[in-house]
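Visitor: Handing you this structure, nothing more for now.
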Amino acid sequence: MELMNTNSPEQARKRIPSQIAIDGPAASGKSTIGERLAKQLGYLYFDTGIMYRAVTLAALRRLGGVGDETAVTDLANKVVIDVLPPTKADGREADVFLDGEDITWDIRTPEVDANVSPVSAYPGVRKAMTAQQRRIGLAGKVVMVGRDIGTVVMPDAELKLYIDASVEERARRRYLECVERGEQVSYPAILSSMQRRDQIDSTRAVAPLKPAEDAVIIQTDNLNEDEVFDRVMALIDPPGGPD
Ligand code: DC
């Protein structure tokens, strides 16, 4: 019996991309999808927002605020941020350390949310973070998530996704996450903080939030997590394509 290869030449050429860049605004669901995708593919999952959050926390604690650009940039070049596989089953995506201290949940507070965008707009802070992200991203197979991964950090990534949702839907998701963790939060406060962050993230001079020209944009307002994931997997492993 003769075995026939039923794959079309186009399907046969398709292979799983080594570098996958996922960008999008706050709480668009990009981290959840990125984490799941990395697990499915056996890739490193790297949420770059963690680094900007860690620098913000360091500035709030050590400088008493984030307004002094020179001091914050200096700090960004000095602090040691480690992101390691999670050792506790409390919903964390990773263990995050700042100079050896576990700050995993300290970087998720409304205070950090409210201050992280100005910090991430400082060019010197971005320079320091981008260099570290490239070194990690280009070393192996990775799903990297952020705001400028497809445009600046890994412009040659073979697959670029831009995960989007309306600001009201994203604020609703963030509100529910906080409530689940037992935090006292208000929806209007989260919504206005998110609108402010969107404005700063997408209008800053260096590496503003925007889809790369060759990114696949997925609008998630009316999609659940499984539906978004299925759409992403269809781009990587099309039905009927090679295993
Ligand atoms: O994804 P997040 O909400 O944890 O990101 C926190 C902040 O960091 C966000 O307001 C924008 C910034 N950020 C960035 O400017 N570039 C990245 N690659 C990742 C995050």
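Visitor: Do you know which residues across the range 122-162 are in a loop (DSSP other than H, G, I, E, B) and of a type in the set (Ser, Thr, Tyr)?
Guide: Of everything in the range 122-162, just one residue is in a loop (DSSP other than H, G, I, E, B) and of a type in the set (Ser, Thr, Tyr), namely Tyr122.
Visitor: Also, quick follow-up: Those residues that are surrounded by 20 or more Cβ atoms within 10 Å (Cβ to Cβ) and more than 9 Å from the ligand (Cβ to nearest atom), I need them from the range 129-143; list them, please.
Guide: The answer is Gly137, Val142, Val143.
Visitor: Please find, within the range 21-62, the residue that is nearest to the ligand (Cβ to nearest atom) out of those that are within 18 Å of Thr130 (Cβ to Cβ) and either without any contact (Cβ under 8 Å) to a residue 24 or more places away in the chain or among the β-branched types (Val, Ile, Thr) (or both).
Guide: Per the stated criteria, the residue is Thr48.
Visitor: Provide a single number: the residues in the range 159-180 that are under 21 Å from Ala212 (Cα atoms) and either free of Cβ contacts under 8 Å to residues at least 40 places away in the same chain or in contact with a strand residue (DSSP E or B) (Cβ under 6 Å, 6 or more places away or on another chain) (or both).
Guide: 6
Visitor: With respect to Gly146, determine if the residue is under 18 Å from the mean Cα position of the chain (by Cα), farther than 24 Å from Gly91 by Cβ and either buried (at least 17 other Cβ atoms within 10 Å of the Cβ) or not hydrophobic (A, V, I, L, M, F, W, C) (or both).
Guide: When the stated conditions are applied, Gly146 does not pass them.
Visitor: A follow-up question, please. For the range 40-79, which residues satisfy the criterion of being under 20 Å from Glu101 (Cα atoms), of a type in the set (A, V, I, L, M, F, W, C) and either touching a Cys at 6+ places or on another chain (Cβ under 7 Å) or in a helix (DSSP H, G or I) (or both)?
Guide: Once the filter is applied, which keeps residues that are under 20 Å from Glu101 (Cα atoms), of a type in the set (A, V, I, L, M, F, W, C) and either touching a Cys at 6+ places or on another chain (Cβ under 7 Å) or in a helix (DSSP H, G or I) (or both), the range 40-79 yields Ile50, Met51, Ala54, Val55, Leu57, Ala58, Ala59, Leu60, Val72, Leu75, Ala76.
Visitor: Now for a different question. When you look at Val152, is it near the ligand (Cβ under 10 Å from one of its atoms), without any contact (Cβ under 8 Å) to a residue 60 or more places away in the chain and in contact with a helix residue (DSSP H, G or I) (Cβ under 7 Å, 6 or more places away or on another chain), yes or no? Break it down into steps so the answer makes sense when it comes.
Guide: Values: near the ligand (Cβ under 10 Å from one of its atoms): yes; without any contact (Cβ under 8 Å) to a residue 60 or more places away in the chain: yes; in contact with a helix residue (DSSP H, G or I) (Cβ under 7 Å, 6 or more places away or on another chain): yes.
So Val152 passes the test.
Visitor: Condition first: under 18 Å from the mean Cα position of the chain (by Cα), closer than 29 Å to Pro17 by Cβ and within 13 Å of the ligand (Cβ to nearest atom). Can you find one or more residues in the range 186-194 that meet it?
Guide: Scanning the range 186-194, I find no residue that is under 18 Å from the mean Cα position of the chain (by Cα), closer than 29 Å to Pro17 by Cβ and within 13 Å of the ligand (Cβ to nearest atom), so the answer is no.
Visitor: Please go through the range 163-174 and give me each residue that is in a helix (DSSP H, G or I), under 20 Å from Val116 (Cα atoms) and under 18 Å from the mean Cα position of the chain (by Cα), ordered by number.
Guide: Val167, Arg170, Ala171, Arg173, Arg174
Visitor: For the range 34-66, which residues satisfy the criterion of being under 11 Å from the mean Cα position of the chain (by Cα), of a type in the set (A, V, I, L, M) and crowded, with 24+ Cβ neighbours inside 10 Å?
Guide: Met51
Visitor: Now for a different question. Based on this model, can you work out whether Thr70 counts as exposed (fewer than 13 other Cβ atoms within 10 Å of the Cβ) and more than 21 Å from Gln199 (Cα to Cα)?
Guide: Values: exposed (fewer than 13 other Cβ atoms within 10 Å of the Cβ): yes; more than 21 Å from Gln199 (Cα to Cα): yes.
Criteria met by Thr70.
Visitor: Can you find a residue in the range 27-47 that is modelled with pLDDT of 90 or more, farther than 29 Å from Asn222 by Cα, touching a strand residue (DSSP E or B) at 6+ places or on another chain (Cβ under 6 Å) and not β-branched (Val, Ile, Thr)?
Guide: So far as the range 27-47 goes, no, none of its residues is modelled with pLDDT of 90 or more, farther than 29 Å from Asn222 by Cα, touching a strand residue (DSSP E or B) at 6+ places or on another chain (Cβ under 6 Å) and not β-branched (Val, Ile, Thr).
Visitor: For the range 194-212, which positions are among the small types (Gly, Ala, Ser), surrounded by 17 or more Cβ atoms within 10 Å (Cβ to Cβ) and modelled with pLDDT under 90? Please lay out each step first, then the result.
Guide: Initially, the range 194-212 is screened for residues among the small types (Gly, Ala, Ser), giving 202, 205, 207, 212.
With the extra rule that they be surrounded by 17 or more Cβ atoms within 10 Å (Cβ to Cβ), the set shrinks to 207, 212.
Ala207, the sole residue that qualifies.
Visitor: Considering every residue within the range 204-218, establish whether at least one is without any contact (Cβ under 8 Å) to a residue 40 or more places away in the chain, more than 24 Å from Asp90 (Cβ to Cβ), in a loop (DSSP other than H, G, I, E, B) and not hydroxyl-bearing (Ser, Thr, Tyr). Even if it seems obvious, please write down each step before you answer.
Guide: Pass one, the range 204-218, residues without any contact (Cβ under 8 Å) to a residue 40 or more places away in the chain: 213.
Checking which are more than 24 Å from Asp90 (Cβ to Cβ) leaves us with 213.
So of that shortlist, the ones also in a loop (DSSP other than H, G, I, E, B) come out as 213.
Retained after the next criterion (residues that are not hydroxyl-bearing (Ser, Thr, Tyr)): 213.
Yes: the range 204-218 contains one or more residues that are without any contact (Cβ under 8 Å) to a residue 40 or more places away in the chain, more than 24 Å from Asp90 (Cβ to Cβ), in a loop (DSSP other than H, G, I, E, B) and not hydroxyl-bearing (Ser, Thr, Tyr).
The values are calculated or read from the model by the stated rules, or taken from the named source; none is laboratory data. All values derive from a computational prediction rather than experimental measurement. Methodologically, a virtual Cβ is constructed for each residue, glycine included, from the backbone with ideal geometry; neighbour enumeration extends over all protein chains shown.
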